[in-house]
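Report on the structure given below.
The values are calculated or read from the model by the stated rules, or taken from the named source; none is laboratory data. Values in this document were obtained by computation on a predicted structure and should not be read as measured data. Neighbour counts run over all protein chains shown; Cβ positions are idealised from the backbone, glycine included. Side chains are part of the model used for accessible areas, which takes the heavy atoms of the whole protein and leaves out ligands, DNA and RNA. Shrake-Rupley method; radii C 1.70, N 1.55, O 1.52, S 1.80 Å.
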Amino acid sequence: MCGIVGAVAQRNIVPILLEGLKRLEYRGYDSCGVAVNNNGLKRARSVARVAELQEQVARTEFEGNTGIAHTRWATHGAPATNNAHPHFSTKDGEQRIGLVHNGIIENYEEIRTELKALGYVFESQTDTEAIAHLVNHMYDGDLLRTVQKVVKRLHGAFAIAVFAKDEPQRIVGARLGCPLIVGLGDGENFLASDAMALAGSTDQIVYLEEGDVVDVRLDGVQIYDKLDLPVERRAQTVQAYSGAIELGPYRHYMQKEIFEQPRAISDTLEGVLGFTPELFGPKAEAVFNDIDSVLILACGTSYYSGMTARYWLESLAGLPTSVEIASEYRYRKPAVNPNTLVVVISQSGETADTLAALKYAQELGHKHSLAICNVGTSAMVRETELSYLTRAGAEIGVASTKAFTTQLTALFLLTATLAKMRGRMDAEAEAFHLKNLRHLPNALQSVLALEPHIIAWSEAFARKEHALFLGRGLHYPIALEGALKLKEISYIHAEAYPAGELKHGPLALVTEDMPVVTVAPNDTLIEKLKSNMQEVRARGGQLYVFADGDSQMHSSEGIHVIRLPEHYGLLSPILHVVTLQLLAYHTALARGTDVDKPRNLAKSVTVE
Ligand code: G6P
């Protein structure tokens, strides 16, 4: 993970770097740092947030027109100042090289041993410092040439930005397996992990390709490919959502993003007049006619949207569907059916395991791939044949909310399109589903209006250390997502089970101290679910039930019920999950945790 920003300009770039770091904190926030090359290398580092680094820098004369900065998600070494980037390498008592890095260098121990034997002193436990010393060791007065040689010795995944004291107004960047972009300004140029970091400085963005090395100078940039040959890469105008970092009336980005869901879903549906393959790209019709099954690959919350979609794809479109956690799929030897549509789901489009699983599936012989993604310029969208962009807008809170509901919306569109093409959805059914989709933003507003009732529950939850979530069928993945939300932001241990499994183990945990959240839509499984709820009540468990307005469920002793609007059929998961997002948010708020930046986590997981 980690975020990188670099700039070469004629003005003081420290404020730009720090602003960029703030926008990259979603990539990790264990520590941060900034360095300038201004008559010698200078740096400031902090194990607190970027705001603290800003204060540190303001207290000293810290300026420069060439600089690199970094926000860290710790892999090698604890989140301590000595492990924070930028890392410097010294020769003959002089700090010569400064470097920031995102990724993991697998052969760093070997490099470290070699350089230690040559007298280099390591101040950190990071793999990064080994690269800084290696650059220093191989430095021949030309940073570009040196970095081109250094990267050939590195195994693993990396994006780096490096500068040398003796070459002011020059930064060299390189990427392999981790994102790095170049921003082209007017008489100034930039490097960053994503375009959002540069919003306000430039919208002219070049996406580096695997193995590229880039020479960034004041008057221009030159990119070299993995064979060290100069290449032209097209600049794109990218509207990075600088406004996304405004909180407005909300206390946290997560709360803001929960409340943005009606807008995000209506944007995701913009231009959808019917279920037509063109929505997914010009080749979609041919691809969809060629497939007989679906394989979904994803991580985290995106994996749960895939699990939900499986119920839709099998029941509506009649397509055998499997859903796999990307980090598992990429290391097993699956049986391959080349007529499978591989669907990757990702908010960021950069998640290392999902990206690697996609490439692995392609290597194994899968011909067809589709990305459901929130970032149109991401690696995943570039590497797939088809795509559908969710229009959630930038999601800043680490716990995903609007990305999830927009993914579900896109997955329902995919299902309906495949169902129609396979002769399983007539015009009447299409009109019915379209109407329901269009009404979703309004239905969501009614769910959001339940917030005060959920706040009342959250006070009881905040005092618990464990919680159980139950769901059945389509709503089992929603229970999983609810448990994930609660554990990641409130640190309450939460587990989800398909309610029918209760008696095979988790019932042993049920006491009056264990709240049991039940996702109870008024669907065909409601009677079965009610029996499962009785099993909990009989053991003294406290039930917190999200039911639909038209179901016969009422609060009574040990059973607390909040009613959603009427049952929303196949799209019901999109409404039910919002109540669980709000429950997690308000419970975390009551416990005083750092809601938007939960401990040890990061938004974009670009390492394995
Ligand atoms: C991290 C984030 C989650 C996200 C997951 C997958 O764990 O904290 O919110 O669901 O990565 O990310 P992706 O960008 O691929 O959806």
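Note on surface exposure: Lys420, Lys283, Lys464, Lys149 rank Lys283, Lys149, Lys420, Lys464 by accessible area, highest first, 1.4 Å probe.
Protein-only accessible surface at a 1.4 angstrom probe places the residues Asp513, Asp186 in the order Asp186, Asp513, largest first. Given a 1.4 Å probe and the protein chains as shown, Arg563 ends up with an accessible area of around 80 Å². Per residue, the convex hull spanned by the Cα atoms of the chain measures out at 155 cubic angstrom. Summing +1 for each Lys or Arg and -1 for each Asp or Glu among the other residues whose beta-carbon sits under 14 angstrom from that of Leu316 gives +1. With all protein chains kept in place, the per residue accessible area of segment 449-608 amounts to 38 square angstrom at a probe of 1.4 angstrom. In terms of distances greater than 31 angstrom between alpha carbons, the cross-link table entries Lys22/Lys42; Lys283/Lys487; Lys22/Lys487; Lys530/Lys597; Lys435/Lys597; Lys152/Lys603 yield Lys283/Lys487; Lys530/Lys597; Lys435/Lys597. In this rough spin-label picture, where each label sits 7 Å from Cα along the Cβ direction, the Thr81-Glu608 distance is 3.4 nm.
A simple spin-label model places the labels of Asp513 and Asp140 6.7 nm from each other, with each point 7 Å out along Cα-to-Cβ. For the pair Arg424 and Asn339, the difference between a 0.36 nm per residue extended length and the Cα-Cα distance amounts to 28.7 nm. What does the C-alpha gyration tensor say about the overall shape of segment 1-109? Classify as rounded when a/c is under 1.5, otherwise prolate if a/b is larger than b/c, or oblate. Oblate.
Excluding Leu341 itself, calculate the net charge of residues whose Cβ lies under 10 Å from the Cβ of Leu341, where each Lys or Arg counts +1 and each Asp or Glu counts -1.
Spelling it out: positives minus negatives among the neighbours equals -2.
Electrostatic bookkeeping for Ile526 treats Lys and Arg as +1 and Asp and Glu as -1; over the other residues with beta carbon under 10 Å from its beta carbon, the sum is 0. With an 8 Å cut-off on Cα pairs and a minimum separation of 6 or more residues, tell me the relative contact order of segment 144-268 in percent. Contact order relative to length: 19 percent.
Going 7 Å from the Cα of Glu106 along its beta-carbon direction, which residues of segment 120-135 have the amide nitrogen within less than 20 Å of the resulting point? Those under the cut-off are 126-132.
Would you mind calculating the relative contact order of segment 420-527 from Cα pairs under 8 angstrom and at least 6 residues apart, reporting the percent as a whole number?
In percent, rounded to a whole number, it is 26.
Rolling a 1.4 Å probe over the protein heavy atoms of segment 2-245, with every protein chain left in place, gives an accessible area that is 47 percent carbon and sulfur. Between Lys435 and Glu278, the modelled label-to-label distance comes to 2.5 nm, taking each label 7 Å out from Cα in the direction of the beta carbon.
By DSSP, the beta bridges lying fully in the chain are antiparallel in about 60 percent of cases.
Shape verdict for segment 247-443, please, from the Cα gyration tensor: rounded (a/c under 1.5), prolate (a/b greater than b/c) or oblate. It is oblate, given that a/c is not under 1.5 and a/b is not larger than b/c. Subtracting the Cα-Cα distance of Ala449 and Asn600 from their residue separation scaled by 0.36 nm leaves 51.2 nm.
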